[in-house]
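Step one of this worksheet: look at the structure below.
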Amino acid sequence: MIRIGIICPSEIAYRRFLPALKENTEFSYVGVAVATKEEWFQEEVSEEKAEAVLSKEQEKAAEFQKNYGGEIFEGYEAMLCSDKIDAVYLPLPPALHYQWAKKALEYGKHVFLEKPFATCKKDAMDLIATAKEKGLALHENYMFVFHDQISVIKEEIESGSIGDVRLYRVSFGFPRRAAGDFRYNKALGGGAILDCGGYTLKLGGLLLGETAKVVHARKNITDEFDVDLYGSAIMENDKGDTVQVSFGMDNGYKCDLEVWGSKGSLFTGRILTAPAGFVPNMTIKTAEGEVVKELPADDTFLKSIQCFGACVKEPGKREENYKVIERQAELLEAFMGLAQR
């Protein structure tokens with residue numbers, strides 16, 4: 001049994017991670033860690049402000065305990081140094097991933113990180129090197145890659161129903177979130193490319209294969225925020241196949257994959273975010289007409305946790321996952337470099 005704790009009582013941990021974890025018999029939930037004042041604040045603040053913020057974290061942690069049991073650890077480091085824990089789930093804002101994942105690895109804990117794994121390739125590679133040295137598992141939580149709809153869509157394309165593929169289009173964006181959301185805060189690793197944009201590059205890489213590369217990139221920053229709110233990119237592989245991606249976090253909602261072929265097209269609208277039990281579908285249009293086919297329902301968070309469990313237990317799987325994480329870091333790094341030119 002792998003004993004796992006959560007660093008920070010975040011919404012995704014409560015709403016998605018813990019329900020999925022209950023379905024997995026390989027893991028035992030131990031508890032959630034609440035930051036100390038020193039861990040939460042990077043600068044001096046008044047006791048009154050600290051109390052207001054940290055008391056809310058305590059309230060959230062109490063809800064975790066009420067509904068899922070487990071212990072409340074007073075401090076992230078208190079959890080990491082505990083011999084009650086084998087692994088941690090880390091859903092902090094992106095800019096904090098490297099700091100706390102590094103500490104977790106140094107304490108000998110396996111690490112399950114929310115995406116993006118890190119905010120730059122250098123940090124990602126350092127975490128991988130540390131994990132290799134200590135024989136520990138790392139996992140980046142791009143859940144959608146585990147959905148069975150991906151393989152069904154690939155089978156449909158390979159069947160030739162829409163002919164030879166001429167172009168893939170991937171779009172992912174959502175309306176602006178509430179004030180204070182970390183996505184709009186540069187210091188916390190905000191920005192569309194590190195959030196929704198990472199999904200589109202990840203799917204582009206899956207569609208194009210091992211030789212996928214970013215050949216054009218654009219990120220758009222408005223006067224209101226010092227982070228990119230939306231952007232686009234073009235990806236290609238050695239065969240000349242092309243993926244156009246677009247993303248944004250001040251946009252109308254889209255979560256689409258369109259495949260344009262020589263004989264027709266294929267479209268689906270929940271390619272990256274289908275929740276557990278949801279039945280997506282794909283629409284195939286050809287000269288013979290339009291056909292709508294159901295795609296399988298799935299539980300991608302559960303499968304992502306299962307993948308992490310396999311990495312903990314199997315050195316071979318662990319090595320494979322290091323390469324998966326490195327590949328995504330390379331695509332993000334390539335986007336950043338091209339977008340800054």
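Annotation note: Cβ proximity below 6 Å between a residue of the range 142-159 that is outside any loop (DSSP other than H, G, I, E, B) and a residue that is modelled with pLDDT of 95 or more and of a type in the set (D, E) (sequence gap 6+ or interchain) occurs for D148/D298.
Matching residues to (1) buried (at least 20 other Cβ atoms within 10 Å of the Cβ); (2) in the same structural domain as V152 (by TED's automatic domain parsing); (3) free of Cβ contacts under 8 Å to residues at least 12 places away in the same chain; (4) in a loop (DSSP other than H, G, I, E, B):
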residue: D195; (1), (2), (3), (4): yes, yes, no, no
residue: L201; (1), (2), (3), (4): yes, yes, no, no
residue: L206; (1), (2), (3), (4): no, yes, no, no
residue: D223; (1), (2), (3), (4): no, yes, yes, yes
residue: N251; (1), (2), (3), (4): no, yes, no, yes
residue: T273; (1), (2), (3), (4): no, yes, no, yes
residue: A276; (1), (2), (3), (4): no, yes, no, yes
residue: E290; (1), (2), (3), (4): no, yes, yes, no
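Here G160 qualifies as surrounded by fewer than 22 Cβ atoms within 10 Å (Cβ to Cβ), at pLDDT 95 or above, not assigned by TED's automatic domain parsing to the domain that holds Y98 and not polar (S, T, N, Q). Within the range 299-341, the residues that satisfy the criterion of being within 13 Å of M125 (Cα to Cα) and among the basic types (K, R) are K323, R327. Just one of the listed residues (F117, F182) is in contact (Cβ under 8 Å) with a residue 40 or more places away in the chain and in the same structural domain as K313 (by TED's automatic domain parsing), namely F117.
Among residues of the range 90-108 being in contact with an Asp or Glu (Cβ under 8 Å, 6 or more places away or on another chain) and under 12 Å from I7 (Cα atoms), the one that is surrounded by the fewest Cβ atoms within 10 Å (Cβ to Cβ) is K103.
In the range 311-341, the residue that is farthest from G198 (Cα to Cα) out of those that are without any contact (Cβ under 8 Å) to a residue 12 or more places away in the chain and under 18 Å from the mean Cα position of the chain (by Cα) is E320.
For beta carbons closer than 6 Å, sequence separation of 6+ or different chains, a first residue in the range 33-54 that is farther than 19 Å from A104 by Cα and a second that is surrounded by 10 or more Cβ atoms within 10 Å (Cβ to Cβ) and modelled with pLDDT of 75 or more, the qualifying pairs are A50/K37. Scanning the range 70-104 for residues being over 18 Å from the mean Cα position of the chain (by Cα), among the aromatic types (F, W, Y) and part of a helix (DSSP H, G or I) gives a total of 1. Out of curiosity, is S246 out of contact with any helix residue (DSSP H, G or I) (no Cβ under 9 Å at 6 or more places or on another chain) and either outside any loop (DSSP other than H, G, I, E, B) or under 20 Å from S161 (Cβ atoms) (or both)? No. Scanning the range 278-288 for residues that are touching a residue at least 40 places away in the same chain (Cβ under 8 Å) and assigned to a loop (DSSP other than H, G, I, E, B) yields one hit, P280. Taken as a whole, the range 292-300 holds at least one residue that is part of a helix (DSSP H, G or I) and surrounded by 13 or more Cβ atoms within 10 Å (Cβ to Cβ). Checked across the range 79-93, the condition of being within 30 Å of K313 (Cβ to Cβ) and among the β-branched types (V, I, T) holds for at least one residue. Within the set A129, A95, the sole residue that is assigned by TED's automatic domain parsing to the domain that holds Q306, without any contact (Cβ under 8 Å) to a residue 12 or more places away in the chain and not polar (S, T, N, Q) turns out to be A129.
The values are calculated or read from the model by the stated rules, or taken from the named source; none is laboratory data. Here the structure is a predicted model, which is why all the values come from computation and not from measurement. Cβ coordinates were reconstructed from backbone atoms using ideal geometry, including for glycine residues, and neighbour counts include every protein chain displayed.
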